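K.L.:
Got a structure for you, questions after.
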Amino acid sequence: MTVELQRTAPAEHGAVFTDHLVTATWTGDRGWSPARTGPLADFAMHPGMIGLHYGQVVFEGLKAHRQADGSMAVFRPRENARRFQRSAARLAMPEVPEEMFLAAVEEIVAADGHLIDDDPDISLYLRPLLFASEANLMLRPSREYTFMMMAFVAGGFFGHVLEPVRVWVSRDQPRAFPGGTGDVKCAANYAGAFHAQRRAQEAGCQQVVWLDSVEHRYVEELGGMNLFLVRRIGDDVELVTSPLTGTLLPGVTRDTLCTLAARLGYRVREERFTVEQWRDEAAAGVVTEAFACGTAAVVTPVGQVHDGGAEWTIGTGGPGEVTMRVREALLDVHKGRVPDPDGWMHHIR
Ligand SMILES: *Cc1c(COP(=O)(O)O)cnc(C)c1O
């Protein structure tokens, strides 16, 4: 479980857990118990636990980064705390108070932050989890819940080199539907997506392009990431991303990039676009780049799209100039290399 191990043999993303775990429990009578930090270990559970059977489980993902001055800071944790609350509320679960969430973030970073150094490729990925822990098979919300905060050492999500990904359009299996749970981070969203992910891999692709579930043509997001297209119109650069339709996840990275891109002088538009438009504009040289973004993957270029019989390359198929600029701008914020006018970095004492 050392960083050395990660260096010599890059482990799969999410496989190198750190040493500690923060835990708290909730019951209707007493509310939240005080959070306890202990060694990461297996725990006992009743086979009839509601979370296991009916999927009352939500999670989050955020990162702590080593700063230029050697300290540690977490990127926009309050955004994750609030989204975690929205996810919990959607699944009829109790909310973890924002200050309790933040205290758990600080605990785990203080306990395990020493596992990362100042290599910009390495960060501490924090995974808050909330699940229904009452043993009961009645079809109703649980009356007991467990909150956990664990962490793993994260290298580059797609390996150390910034390889553009090939993506596969899911025409017949949408990930979310209007009124559903697509805009929150509940476990079932991901289980339901694995089948399409496997089909993508069988077609030689790394990620799934999710379309809207009504017309099956508007591009919403990509795997567990949000998606941006880069359009060039003369000297003008425009970044386009799907509006928050309710069926895609409002990413903290997406929100951040909208701000950073505007500061870099790019126009940013929230606009629905179809797969056909993506293909035609890529062929016409208007869409010159595309990239995915999220906490785990940061900013990852999309090189090729595979849509049934059709296949197209975006720009040169390599990482584009605009993609690399917004990626660097984001990494600069993460690493504390630039001023932080928005107070995005939460510093750990
Ligand atoms: C978590 C997630 C994202 C990215 O959100 P960030 O807050 O930027 O990490 C995008 N799409 C889906 C489906 C996700 O689960």
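The values are calculated or read from the model by the stated rules, or taken from the named source; none is laboratory data. Computed from a predicted model, the values in this text were never measured in an experiment. Cβ atoms come from the backbone with ideal geometry, glycine included; neighbour counts cover every protein chain shown.
K.L.:
Please verify whether LEU21 is within 23 Å of the chain's Cα centre (by Cα) and either more than 24 Å from ASP118 (Cα to Cα) or assigned to a strand (DSSP E or B) (or both), treating the condition exactly as stated. Steps first, answer last, please.
P.N.:
On the way: within 23 Å of the chain's Cα centre (by Cα): yes; either more than 24 Å from ASP118 (Cα to Cα) or assigned to a strand (DSSP E or B) (or both): yes.
Yes.
K.L.:
Which of the following residues is closer than 27 Å to LEU40 by Cβ and surrounded by fewer than 23 Cβ atoms within 10 Å (Cβ to Cβ): ALA196, ALA151, ALA191? Steps first, please.
P.N.:
On the way: ALA196 fails: closer than 27 Å to LEU40 by Cβ; ALA151 fails: surrounded by fewer than 23 Cβ atoms within 10 Å (Cβ to Cβ).
Checking each option against the conditions leaves just ALA191.
K.L.:
Considering only the stretch 67-93, state which residues are away from the ligand (no atom under 16 Å from the Cβ) and either modelled with pLDDT under 95 or out of contact with any Ser or Thr (no Cβ under 8 Å at 6 or more places or on another chain) (or both). I'd like the intermediate steps shown before the answer.
P.N.:
Looking only at the stretch 67-93, we keep the residues that are away from the ligand (no atom under 16 Å from the Cβ), and these are 67-73, 89, 92-93.
Listed by number, the residues that qualify are GLN67, ALA68, ASP69, GLY70, SER71, MET72, ALA73, ALA89, ALA92.
K.L.:
If I ask for residues that are among the small types (Gly, Ala, Ser) and buried (at least 23 other Cβ atoms within 10 Å of the Cβ), which ones from the stretch 52-72 would you list?
P.N.:
Looking only at the stretch 52-72, we keep the residues that are among the small types (Gly, Ala, Ser), and these are 55, 61, 64, 68, 70-71.
Once the filter is applied, which keeps residues that are among the small types (Gly, Ala, Ser) and buried (at least 23 other Cβ atoms within 10 Å of the Cβ), the stretch 52-72 yields only ALA64.
K.L.:
Here's another thing I want to ask about it. Quick check: is even one residue across the stretch 99-112 out of contact with any Ser or Thr (no Cβ under 8 Å at 6 or more places or on another chain), of a type in the set (D, E, K, R) and closer than 21 Å to ASP255 by Cβ?
P.N.:
Taking every residue of the stretch 99-112 in turn, none turns out to be out of contact with any Ser or Thr (no Cβ under 8 Å at 6 or more places or on another chain), of a type in the set (D, E, K, R) and closer than 21 Å to ASP255 by Cβ.
K.L.:
Out of all the residues in the stretch 267-293, which are closer than 21 Å to VAL338 by Cβ and surrounded by 22 or more Cβ atoms within 10 Å (Cβ to Cβ)? Outline the logic, then answer.
P.N.:
Kept after step one, since they are closer than 21 Å to VAL338 by Cβ, are these residues of the stretch 267-293: 268, 291, 293.
If the condition is that a residue be closer than 21 Å to VAL338 by Cβ and surrounded by 22 or more Cβ atoms within 10 Å (Cβ to Cβ), then PHE291, CYS293 are the ones that fit.
K.L.:
Before we move on, is LEU162 closer than 30 Å to GLY320 by Cα, in contact (Cβ under 8 Å) with a residue 60 or more places away in the chain and not in a loop (DSSP other than H, G, I, E, B)?
P.N.:
Spelling it out, it is not the case that LEU162 is closer than 30 Å to GLY320 by Cα, in contact (Cβ under 8 Å) with a residue 60 or more places away in the chain and not in a loop (DSSP other than H, G, I, E, B).
K.L.:
From the set of residues in the stretch 106-125 that are modelled with pLDDT under 90 and among the charged types (D, E, K, R), which is nearest to the chain's Cα centre (by Cα)?
P.N.:
Selected residue: ASP121.
K.L.:
Follow-up question, since we're still on this one. Taking the stretch 244-266, which residues are surrounded by 18 or more Cβ atoms within 10 Å (Cβ to Cβ) and within 11 Å of the ligand (Cβ to nearest atom)?
P.N.:
Selection gives THR247, LEU248, LEU249, GLY251, VAL252, THR253, ARG254, THR256, LEU257.
K.L.:
Also, quick follow-up: Being within 14 Å of the ligand (Cβ to nearest atom) and on the phi < 0 side of the Ramachandran plot narrows it down to one residue among VAL237, VAL219; which is it?
P.N.:
Going through VAL237, VAL219 in turn, the sole match is VAL219.
K.L.:
In the set ALA329, ALA310, ALA290, which member is within 28 Å of ALA196 (Cβ to Cβ), of a type outside the set (Lys, Arg) and within 16 Å of the ligand (Cβ to nearest atom)? Break it down stepwise before answering.
P.N.:
Numbers: ALA329 fails: within 28 Å of ALA196 (Cβ to Cβ); ALA310 fails: within 16 Å of the ligand (Cβ to nearest atom).
When all the criteria are applied, what remains is ALA290.
K.L.:
Considering only the stretch 299-326, how many residues are surrounded by 15 or more Cβ atoms within 10 Å (Cβ to Cβ) and over 13 Å from PRO164 (Cα atoms)?
P.N.:
Number of matching residues: 6.
K.L.:
Being closer than 25 Å to ARG140 by Cα and in the same structural domain as PRO34 (by TED's automatic domain parsing), is that true of even one residue in the stretch 60-72?
P.N.:
Yes: one or more hits.
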